[in-house]
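The values are calculated or read from the model by the stated rules, or taken from the named source; none is laboratory data. Treat the numbers as computed from the prediction; the structure is a model and nothing was measured. Reconstructed Cβ throughout: ideal geometry from the backbone, glycine too, with neighbour counts over all protein chains shown. For accessibility, only protein heavy atoms count, side chains too; no ligands or nucleic acids. Shrake-Rupley method; radii C 1.70, N 1.55, O 1.52, S 1.80 Å.
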Amino acid sequence: MTLQPRPGILDIKPYKPGSAAPKGAVKLSSNENALGCSPKAAEAFREAADRLHIYPDGGALRLREAIGKAEGVDPAQIVCGAGSDEILQLLGRAYLGPGDTVLQSQYGFLVYRLVAMQSGAQIVSAPESGHTTDVDAMLAAVREHKPRIVFLANPNNPTGTWIPRTQIERLHAGLPEDTLLVLDAAYGEFVDHPDYESGMGLVNHHDNIVVTRTFSKIHGLAGIRLGWAYGPAHVIDVLNRVRGPFNVNLPAIEAGIAAINDKAFVEKSKAHNARWLAFLAQQLGGLGLEVTPSVCNFVLVHFPQTAGKTAEDADRFLTSKGLVVRDVKPYGLPHALRISIGLEEDNRRVADALAEFMGS
């Protein structure tokens with residue numbers, strides 16, 4: 001072939017989402033909201049069907065105003081996208097180039113690597129401690145590699161762990177002024193701890209922090225791809241220059257406005273998740289399996305390397321029982337599986353199936 005893409009593009013391994021569930025099986029591989037989405041959001045989506053011939057508002061103003069009111073921030077400092085994934089891509093397009101470096105923690109979200117490689121940048125991972133971000137290791141990597149962007153998911157996927165605001169502040173204090181700290185708070189709504197900070201409050205005091213958020217998790221709108229970022233005015237201005245003119249579709253805007261205003265559904269989702277997260281952690285831990293403490297809507301379960309009891313064996317066994325979970329080998333966790341929180345029946349089925357697997 002004479003036509004070739006830019007150097008490095010063919011080295012990219014496309015992101016592999018959680019496996020789809022065959023008919024009759026239960027999908028617990030993609031951290032989707034077990035309760036679905038807000039009925040109000042679903043109704044807003046349906047009502048938008050009569051206006052599909054009309055271009056959406058290119059600036060998603062009403063959506064940004066709804067988010068700003070709900071979060072207590074300036075809508076002018078918000079940019080929306082097709083999922084927070086697109087926001088991450090836009091940040092890479094705007095701030096990265098060949099020769100730059102991106103820093104993440106050891107088990108950072110796979111999209112960070114894709115963003116770096118698409119821009120010709122190098123990706124560096126700092127070791128974690130107990131499957132949790134180690135700020136000292138991150139700062140050592142900052143001094144050695146001088147990254148252009150630091151991506152930090154807090155809480156993190158696929159581990160479910162988090163670090164407190166004081167550690168975020170310590171990490172930021174060690175960054176050069178021309179390094180951008182991107183705090184990915186996709187799972188932030190699930191955390192109910194006084195020491196947790198999504199980063200929204202930090203944006204107001206610093207020029208090099210951006211927080212990304214999503215409607216895919218707590219709001220249950222993964223299927224329409226809707227996310228947003230809050231950041232300094234100069235960063236939001238740059239992102240508006242590199243995004244597509246109609247990057248958020250009309251039904252997504254309407255559903256998003258309804259979802260962000262439905263506080264009752266968010267609280268219901270949090271309560272369901274807290275109950276069944278504790279259930280799975282207790283049940284699976286009781287089987288002798290190591291379960292990484294999680295604050296998200298999933299658990300990371302570690303399996304022995306004994307023949308017949310490995311993560312790969314467990315994955316096959318669960319699949320045979322109609323339970324589809326997430327293989328996390330691509331994250332460098334070959335001996336673990338990530339299991340999303342489902343409905344009560346789903347969670348009990350997982351616990352019973354793994355009890356049978358470990359006891360067989």
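The mean sequence separation of alpha-carbon pairs under 8 Å and at least six residues apart, normalised by the residue count of the chain, gives a relative contact order of 24 percent. Protection proxy ranking, highest mean first, for peptides 225-232, 155-162: 155-162, 225-232, where packing is the per-residue count of other beta-carbon atoms within 10 Å, averaged. Where in region 234-264 is the amide nitrogen less than 14 Å from a point lying 7 Å along the Cα-to-Cβ axis of Glu65? Taking a point 7 Å out along Cα→Cβ of Glu65, the residues of region 234-264 whose backbone N falls under 14 Å are 254, 257-258. Label positions at Arg46 and Ser320, each projected 7 Å from the Cα along the C-beta direction, are separated by 4.2 nm.
Among His272, His172, His205, which one shows the biggest mean-square fluctuation in a GNM of the chain, springs joining Cα atoms closer than 10 Å? Maximum fluctuation in the GNM of the chain, among the listed residues, is at His205. Answer rounded, prolate or oblate for region 1-64, using the Cα gyration tensor with square roots of eigenvalues a ≥ b ≥ c: rounded when a/c is under 1.5, else prolate when a/b is larger than b/c, else oblate. Oblate. Largest to smallest in accessible area, the residues Met200, Met117 fall in the order Met117, Met200 (1.4 Å probe, all protein chains included). With all projection directions averaged, the alpha carbon convex hull of region 1-129 covers 13.8 nm².
Ranking of Thr166, Thr292 by solvent-accessible surface, largest first: Thr166, Thr292 (1.4 Å probe, protein heavy atoms only, all chains present). The distance from the alpha carbon centre of region 306-358 to that of region 1-56 is 23 Å, rounded to a whole number. Here the Gaussian network model covers the chain, with springs between Cα atoms less than 10 Å apart; of Leu52, Leu28, Leu183, Leu52 fluctuates the most. The length gained by stretching the chain between Ala278 and His234 to full extension, at 0.36 nm per residue less their Cα-Cα distance, is 11.7 nm. Taking other residues whose beta carbon is less than 14 angstrom from the beta carbon of Gly174, and scoring Lys, Arg as +1 and Asp, Glu as -1, yields -3. Carbon-plus-sulfur accessible fraction, region 78-175 (probe radius 1.4 Å, protein heavy atoms only): 48%. Label sites at Asp352 and Lys268, each approximated as a point 7 angstrom past Cα along Cα to Cβ, lie 2.6 nm apart. Positive contributions from Lys and Arg (+1) and negative ones from Asp and Glu (-1), summed over other residues with Cβ under 9 Å from the Cβ of Leu63, come out at -1. When you filter the GluC sites (Glu not before Pro) in region 162-203 for DSSP loop state and at most 12 other Cβ atoms inside 10 Å of their Cβ, you are left with Glu177.
For the chain, the share of DSSP beta bridges that are antiparallel, to the nearest 5, is 50%. In a Gaussian network model over the chain where Cα atoms closer than 10 Å are linked, find which of Tyr187, Tyr15, Tyr112 has the largest mean-square fluctuation. Residue with maximal mean-square fluctuation among Tyr187, Tyr15, Tyr112: Tyr15. Measuring nothing but how far apart in sequence close Cα pairs (under 8 Å, 6+ apart) lie, relative to its length, region 1-132 scores a relative contact order of 22 percent. Just report the Cα centroid separation between region 77-119 and region 148-171, whole Å. Value for the Cα centre distance between the two parts: 15 Å. Candidate membrane-span-like segments in the chain, meaning DSSP H helices with Cα atoms spread over at least 20 Å of their own axis and a Kyte-Doolittle mean of -1.0 or above, are 263-286, 344-359, with no membrane implied.
Cross-link check: pairs Lys23/Lys321; Lys40/Lys217; Lys40/Lys268; Lys268/Lys329; Lys146/Lys217 evaluated at a Cα-Cα cut-off of 24 Å; pairs beyond the cut-off: Lys268/Lys329; Lys146/Lys217. Neighbours of Ile209, meaning other residues whose beta-carbon lies under 14 angstrom from its beta-carbon, give a summed charge of -3 when Lys and Arg score +1 and Asp and Glu score -1.
Modelled spin-label separation between Asp207 and Glu169, with each label point placed 7 Å from Cα along the Cα-to-Cβ direction: 2.2 nm.
When Cα extents along the principal axes in Å is calculated directly from the model, which label among (i) 59, 55, 54; (ii) 60, 40, 38; (iii) 63, 49, 42 fits? So the calculated entry is the one marked (i).
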